[in-house]
Amino acid sequence: ALQQIKSIMVVPLTSRQKVWGYVGIDIVEDKHHWSEEDCQWFSSLANIINICIKLHRSERLALQDRQYLQDLYRYMPLGYLCVKLLYDEKGNAVDYCILDGNYALEKMTQRPVVKLVGRKGSEIDTKLEKNLDFFSSVLKSGTFLETTHYFESGKSYCNSVVFSTRADVLTCLVSDMTETYETHRALDRSEKILRNIYDNLPAGIELYDKNGVLIDMNIRDVEM
């Protein structure tokens, strides 16, 4: 009445047995009697509109999910590498092809991922046979395996968790352990220096536990 509508026909828009909206026809000039044919025609049109809107929404959500996943693997702190094994006529793994990688891996290796994707391991890998054996072991195990390696190009020590989600395709998640490795090396050097001082100090040293039991003594103390 507020809009001076003389006749109106409304058809619901549904999704998974739920009504999420409606589409309607308003006539304000004069009154119209809607026939069964009018209702069937408009219901069919509404179904087409409903399908088009749902497809558009699904496409938009799919694009959002795809962008989210792309951003996730591109910017996550773990390196990401995806490779596919290549076989000879006898079924033996002879090479692998790099399918994908992310920015974190690029930082660790100091090699642009765009220049690695599509290339074979035989073109860039100095430890091809060793890595092929490891990849084959992962496929045979049916679970994940871990390994450590050193990237000469990036001067980085890394730990990798490798697993397979598709036949002959392996995913590697790589974490940079360089700082931890360097810390352990520094501690090891410090320990060796302290041990050297302890062993060669001109004064005798004796170490006792809380119960007064002798647990260690240096060379000078033994000599005395």
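The values are calculated or read from the model by the stated rules, or taken from the named source; none is laboratory data. No experiment lies behind these values; they were computed from the predicted model shown. All Cβ positions, even for glycine, are placed from backbone atoms using ideal geometry, and neighbour counts span all protein chains on display. SASA here: full protein model, heavy atoms, side chains in, ligands and nucleic acids out. Shrake-Rupley method; radii C 1.70, N 1.55, O 1.52, S 1.80 Å.
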Worksheet entry | Ranked by how many other beta carbons lie within 10 Å on average, peptides 193-202, 171-180 from highest | 171-180, 193-202
Response to the item:
For the range 20-141, the convex hull over Cα atoms projects on average to an area in nm² of 15.6
Worksheet entry | Karplus-derived HN-Hα couplings along the range 90-105 (A = 6.51, B = -1.76, C = 1.60, θ = phi - 60°), whole Hz, x at Gly and Pro | 8, x, 8, 5, 10, 6, 9, 10, 7, 9, 6, x, 10, 5, 4, 5
Discussion item. How large is log10 of I(q)/I(0) for the range 162-207 at q = 0.31 Å⁻¹ when the intensity is taken from the Debye formula with one equal scatterer per alpha-carbon?
Written reply: -1.03
Fill in: Efficiency of FRET from Cβ geometry, ASN159 and ILE124, R₀ 22 Å, rounded to 0.05
0.60
Item to complete: Take every Cα-Cα pair in the chain and report what % of them are more than 28 Å apart.
Response: 63
Worksheet item: Between the DSSP loop rule and a limit of at most 15 other Cβ atoms within 10 Å, which chymotrypsin sites (Phe, Trp or Tyr not before Pro) in the range 6-79 are left?
Response: TRP34
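Determine the dipole magnitude for the chain: charges of +1 sit on the beta-carbon of Lys and Arg, -1 on that of Asp and Glu, nothing else is charged, the reference point is the Cα centre, and the result goes in debye to the nearest 20. Mind dumping the intermediate values first?
Values: 27 positive and 32 negative charges, 90 e Å.
So the magnitude is around 440 debye.
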Worksheet item: Which listed residue (VAL19, GLN3, LEU132) has the Cα farthest towards the positive end of the charge dipole for the chain, taking +1 on Lys and Arg C-beta and -1 on Asp and Glu C-beta about the Cα centre?
Response: GLN3
Worksheet entry | Backbone HN-Hα couplings from phi across the range 174-184 [Karplus 6.51/-1.76/1.60, Hz, Gly and Pro as x] | 10, 10, 7, 10, 4, 5, 5, 4, 5, 5, 5
Item to complete: Give me the accessible area of GLU206, 1.4 Å probe, in Å² rounded to the nearest 10.
Response: 80
Worksheet, complete the sentence: the range 55-126 and the range 202-224 have their Cα centres apart by a whole-number Å value of 58
Worksheet entry | For GLY154, residues with placed amide H under 5 Å, excluding near neighbours | none
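Evaluate the range 80-176: find the radius of gyration of its Cα atoms, find its Kirkwood radius, and give the ratio Rg to Rh.
Radius of gyration relative to Kirkwood radius: 0.93.
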